[in-house]
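Submitted below is the structure of interest, expressed as C-alpha cells.
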Amino acid sequence: MKPFLRVLGIDDGFFKPKTKTQTLLIGVIYRFGHTVEGILSSKIKVDGFDSAKKIIEMAKKTKFSSQVSFVLLSGINFAGFNIADVKKIFEETKIPIIIVFRRKPKIEKFANALKNVSCFKRRWALIEQAGEIHSFKKIFFQFYGCREQDAKTVLQKTILHSNMPEPVRLAHLIASGVTIGESTRPK
C-alpha cells in the first residue's frame, strides 16, 4: 500500500427527527501522514435513499477524485435510515468502501427500528449486502471492494486520536459543529 494514500471519510450532521427533511453530509479528504487536504459537503434526505448518490458525487467531483483510494463511512446509515448502497458506490467509483462503527451494531434492535420506516425490505437488503461485521482494535468494520487485510491496514494508518479513523472523526466534528453549533464526540 502506498505510504501517502488519500481516503475520503464521511459522516452526517445532526437533525431533529420529524422537524427536518434533510441534513448535512461532510467528507474529509485525508492523506496518510496525517494531512487533511480537503473538505466536501452535500445534503441528504432524512430517511431517504440518496446517500449513495451524494457519496458518489463527492468522490467523483472532488479535485482529488483520481487520488482517493478508499471511502470510509461512519456507519451504514445516514440521516436516520438513509442506508448507503455500498455496492452502487463501489460500482460507480471503483473505490473500496470501509464502514466503521464505534460499537458492535445491535442488528436486532436496528432491524426493529427500521421496520418503522417505509421500504423495510429494500433498506434491509442494502444492510445485508455490506457483509459481515469484523473487529479490529477497538472498532468494528465492514468492507466492500477490497480484502480484509487492506481494510485493516487503512484503519491502522488512520486511527490516531480516538478509536475512529481520523477522517471519519473529523467529518463528524465538522458536521456536528455546523449543524448544532458545537462539535460533539463521535458516535
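None of the figures in this text is laboratory data; all of them are computed from the coordinates on show. Remember, it's a predicted structure, so these values are computed and weren't measured experimentally. Methodologically, a virtual Cβ is constructed for each residue, glycine included, from the backbone with ideal geometry; neighbour enumeration extends over all protein chains shown.
Among [x] 23.8, 70; [y] 20.3, 61; [z] 15.2, 45, find the value of Rg and Dmax of the Cα atoms in Å that was calculated from the structure presented, and write down its label.
It is the one labelled [z].
What aspartates and glutamates sit close enough to K2 to cross-link, taking a C-alpha to C-alpha distance under 19 Å and skipping anything fewer than 8 places away on the same chain?
Result set, ordered by chain and number: E37, E148, D150, E166.
Same structure again: Could you pull out every one of the lysines with an alpha carbon less than 18 Å from that of K43, ignoring same-chain neighbours closer than 8 positions?
In chain and number order, the partners are K16, K18, K20, K53, K54, K60, K61.
Please give me the summed charge of the neighbours of G33: other residues whose Cβ is under 14 Å from its Cβ, Lys and Arg +1, Asp and Glu -1.
+2
Under 19 Å Cα-Cα from K138, which lysines qualify once same-chain neighbours fewer than 8 residues away are excluded?
K104, K106, K152, K157, K187
Trypsin sites (Lys or Arg not before Pro), restricted to segment 66-165: which are DSSP loop and have at most 11 other Cβ atoms within 10 Å?
Loop-located and lightly packed - K94, R103, K106, K115, K137, K138, R147.
Then there's this: What is the sum of charges around N112, taking Lys and Arg as +1, Asp and Glu as -1, for the other residues whose C-beta is under 15 Å from the C-beta of N112?
Value of the local net charge: +4.
Still on this model: For F141, F64, which order do you get if you count the other beta carbons within 10 Å of each Cβ and list the fewest first?
Ranked by crowding around the Cβ, least crowded first: F64, F141.
Now a separate question. If I take every Cα pair under 8 Å that is 6 or more residues apart in the chain, average their sequence separation and divide by the length, what percent do I get for the relative contact order?
Relative contact order of the chain: 25 percent.
Expressed as a whole number of Å, what is the distance separating the alpha-carbon centroids of segment 117-180 and segment 68-92?
Here the two parts' Cα centres lie 9 Å apart.
Another question, if that's okay. Listing C119, C146 from the residue with the fewest other Cβ atoms within 10 Å to the one with the most, what is the order?
C119, C146
Dipole magnitude of the chain about its Cα centre, charges +1 at Lys/Arg Cβ and -1 at Asp/Glu Cβ only, in debye to the nearest 20?
Roughly 260 debye, rounded to the nearest 20.
Also, I was wondering about something else. If you restrict to DSSP beta bridges whose two residues both lie in the chain, what percentage is antiparallel, to the nearest 5?
75 percent
Here's another thing I want to ask about it. Would you mind computing, in nm to one decimal, how far apart the modelled labels at F110 and S66 are, each placed 7 Å from Cα along Cα→Cβ?
Spacing of the two 7 Å Cα→Cβ label points: 3.6 nm.
Next question. For the chain, what does -39500 (n - 2.57) per DSSP helix run (n ≥ 4), summed and divided by total residues, give at 222 nm, in deg cm²/dmol to the nearest 500?
Taking each H run of at least 4 residues, the total per residue is -10000 deg cm²/dmol.
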